[in-house]
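A short write-up of the structure that comes next.
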Amino acid sequence: MTDRVTLLRWGFWGLLIAISAGLLFVRLLPLDLSAGRFPGPDIFMAVVVAWMLRRPDYVPILLVVALIFLNDLLYQDIPAVGALMAVIGLEMLRRREVGLREQPFMIEWGVVAAVLLAMLLAERIFLTVFFVDQIPVGRALLQFMATVAIYPAVVFVSVFVLGVEKLQPGDDPVRSQAA
């Protein structure tokens, strides 16, 4: 029989897939909400980053890469570049997760903003080197700012609605969920 920790982990993996599918469905609806308006935030990336800094075991990198790659293909975006930047950015955050456990939220928010900005700049440089057409810089920066602005709301929902809390220093992910 599957233990509670593994079942909970699989449940959050399924929830991550459901969130991605829901966002994909909403974006594929034949509604023209983006023409000439403020670009919306990348909610999926905000969710993944928030979960990565709270419970890295809830964010399997291969699943995130597959979901981002699938979204790139369905949106007819440049495939694999977004997934590559997500892997690099998420692994940077995974390495800093232990150090950010004790820090206040404002520090976490600043680190997340810096990593998201670095991902955006690296993607733009990568696409420029290979002479690939890109969205305008202003639009990309507006989407970045919208994603950073929505991050506290995503963290609030993740912590208080879904129960994805930070591990405390010295906590073992297995023991904290089994209790």
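Odds and ends about this structure:
- So residue 79, is it open to solvent by 70 Å² or more (accessible area, probe 1.4 Å), modelled with pLDDT under 95, farther than 21 Å from residue 117 by Cβ and in a loop (DSSP other than H, G, I, E, B): no
- Within region 42-64, the set of residues being open to solvent by 10 Å² or more (accessible area, probe 1.4 Å) and part of a loop (DSSP other than H, G, I, E, B) comprises 42, 60.
- Annotation: of all residues in region 122-139 being closer than 17 Å to residue 83 by Cβ and not β-branched (Val, Ile, Thr), the one that is surrounded by the most Cβ atoms within 10 Å (Cβ to Cβ) is 123.
- Residues that are at pLDDT 75 or above, open to solvent by 50 Å² or more (accessible area, probe 1.4 Å) and not in a helix (DSSP H, G or I) within region 152-179 comprise 162, 165, listed in sequence order.
- Candidates 115, 87, 64 - the one that is within 22 Å of residue 28 (Cα to Cα), under 12 Å from the mean Cα position of the chain (by Cα) and not charged (D, E, K, R): 64
- Evaluation of residue 102 against (1) outside any helix (DSSP H, G or I); (2) out of contact with any Pro (no Cβ under 8 Å at 6 or more places or on another chain); (3) open to solvent by 70 Å² or more (accessible area, probe 1.4 Å) (one fails), failing number: (2)
- Taken as a whole, the condition of being in a helix (DSSP H, G or I) and either free of Cβ contacts under 8 Å to residues at least 12 places away in the same chain or of a type outside the set (Phe, Trp, Tyr) (or both) applies to residue 27.
- Subset of region 83-99 [open to solvent by less than 70 Å² (accessible area, probe 1.4 Å) and modelled with pLDDT under 90]: 97, 99
Residues are listed down the side, and each one gets a yes or a no for (1) over 12 Å from the mean Cα position of the chain (by Cα); (2) modelled with pLDDT of 95 or more:
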{"position": "10", "(1), (2)": "yes, no"}
{"position": "18", "(1), (2)": "yes, yes"}
{"position": "30", "(1), (2)": "yes, no"}
{"position": "44", "(1), (2)": "no, yes"}
{"position": "49", "(1), (2)": "no, yes"}
{"position": "73", "(1), (2)": "yes, no"}
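- Scanning region 107-139 for residues that are more than 15 Å from residue 50 (Cβ to Cβ), without any contact (Cβ under 8 Å) to a residue 24 or more places away in the chain and part of a helix (DSSP H, G or I) returns 114, 121, 124, 125, 128, 129, 137, 138.
The values are calculated or read from the model by the stated rules, or taken from the named source; none is laboratory data. Just so it is clear, the model here is predicted, and its values are computed rather than measured. All Cβ positions, even for glycine, are placed from backbone atoms using ideal geometry, and neighbour counts span all protein chains on display. Surface areas here come from the heavy atoms of the whole protein model, side chains and all, with no ligands, DNA or RNA. Shrake-Rupley method; radii C 1.70, N 1.55, O 1.52, S 1.80 Å.
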